[in-house]
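Some notes on the structure that comes next.
The values are calculated or read from the model by the stated rules, or taken from the named source; none is laboratory data. All of these numbers come straight from a predicted model, not from anything done at the bench. When we count neighbours, we look across all protein chains shown, and the Cβ atoms used for this are built from the backbone with ideal geometry, even at glycine. Ligands, DNA and RNA are excluded from the accessible area calculation, which covers all protein heavy atoms including side chains. Shrake-Rupley method; radii C 1.70, N 1.55, O 1.52, S 1.80 Å.
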Amino acid sequence: YSINGGQNWSAENTLDTLGFAASSPQVSVDRAPGNNVVAVWQQNNRIYSNDSQNGGQSWNGAQAIDDGSGIASSPQVAIYGLDAVVVWQQDNDIYSNYSTDGGATWNSAFAQPIDNSSGAASSPQVAIYGNNVVAVWVQNDGANSIYSNCSTDGGKTWGGAQYLELDNEPASS
């Protein structure tokens, strides 16, 4: 972490102590209300997170946020205040989990699929603002199409997955 805009950096911190090779790290920061940071990564076919409530100066401990029932990869995280949402690919679906305390704890019911299950899904991305969460991903529905899903309650529940249709009509003048 840096407290002066990247001019100087602290010594590194180890965020996991699990003893397996880690990959695909992602991080999200929200300065209000308390410099909350959530880091996620893939390790041993699971998705793990760690959180910091002081801008990355100290970390609270790694924890699994998926249910371990499949091969999980490609995690993405977003945080707004104390609400955090993680999406990832698990087998051929896109899953999510949420936290209401800045990533200190995650939904104890673990993850829920948010894609339409009509083909292999991959490459998820997520964004959050207030209680509004949007996730997008690639779904092989005969072609590699882009789909989205949204939540209006911080990732607790999701609407139905929607195809993001391209409008190739030229703009009228």
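Within the option set TYR48, TYR95, being more than 17 Å from PRO25 (Cβ to Cβ), of a type in the set (Phe, Trp, Tyr) and without any contact (Cβ under 8 Å) to a residue 60 or more places away in the chain holds for one residue only, TYR95.
Within segment 47-69, none of the residues are under 21 Å from TYR1 (Cα atoms) and among the β-branched types (Val, Ile, Thr).
Among the residues making up segment 105-136, a single one is part of a loop (DSSP other than H, G, I, E, B), within 21 Å of SER52 (Cβ to Cβ), open to solvent by less than 60 Å² (accessible area, probe 1.4 Å) and out of contact with any Gly (no Cβ under 9 Å at 6 or more places or on another chain): TRP106. When restricted to residues that are closer than 15 Å to ASP93 by Cα and surrounded by 12 or more Cβ atoms within 10 Å (Cβ to Cβ), segment 151-162 contains 3. Being over 16 Å from the mean Cα position of the chain (by Cα), in contact (Cβ under 8 Å) with a residue 12 or more places away in the chain and closer than 23 Å to LEU18 by Cα is a property that GLY142 lacks.
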